[in-house]
Amino acid sequence: MRPTVFAVAFVVTAIFRSTATSAAPQKVASEIQNVLSAQQDAWNRGDVEQFMSGYWRSDQTVFISDDEVARGWQKVLDRYKRKYSDRAKMGTLIFSDLEITPLSNDSALVLGSWHLKRANDQPHGRFTLIFRRFPDGWKIVHDHTSSAEKA
């Protein structure tokens, strides 16, 4: 009887572990998708400050684009405000092709595409983000965004 109890306990433990392991990446992906969705919505309302709430509010935040490195949340915000100074320049943002890969319980890598719909052009490109989980939720700590060549 004793070997049967151990065998059942082993199988039940294995089932619970596999369920927990497979659910964790899905939960991480869902939480990060919520952050990106909130950012997209804020951008499309013209609210750059709220868009920036998806970034870690720290001097250690890193943003790379246009062969420039901006270090610090405030510098990233200033860059966005300078580059997208009005609604016409902001256009309508669409994130797509998201691939979210948890790296640990508190970090994840995100690959994706961005597209701006504007009256006179349609800039687009790719991004790589590193997210970290903080007490107040998932935040972008490193953003490397590139633009596709104009056709």
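The values are calculated or read from the model by the stated rules, or taken from the named source; none is laboratory data. Quick caveat: nothing in here was measured; it's all calculated off a predicted structure. Because the Cβ atoms are built from the backbone with ideal geometry, glycine has one as well, and the counts that use them run over all protein chains shown. Note: accessible area is taken over every heavy atom of the protein model, side chains too, but ligands, DNA and RNA are not part of it. Shrake-Rupley method; radii C 1.70, N 1.55, O 1.52, S 1.80 Å.
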Separation of region 107-151 and region 65-87 by C-alpha centroid, Å? 13 Å
Quick one: Debye curve from the alpha-carbon atoms of region 23-151 only, equal weights, vacuum; give me log10 I(q)/I(0) at q = 0.13, 0.18, 0.22 Å⁻¹ to two decimals. -0.51, -1.00, -1.51
Equivalent ellipsoid semi-axes, region 43-92, via Cα gyration tensor eigenvalues times 5, rooted, Å: 19, 13, 8
Any residue on another chain or 5+ positions along whose placed amide H is under 5 Å from the amide H of ALA148 is listed here as HIS124, GLY125, ARG126
Once label points are set 7 Å from the Cα along Cα→Cβ at both GLN50 and ARG79, what is their separation, rounded to one decimal in nm? 2.4 nm
Region 24-140 - percent of accessible surface contributed by carbon and sulfur, probe 1.4 Å: 48 percent
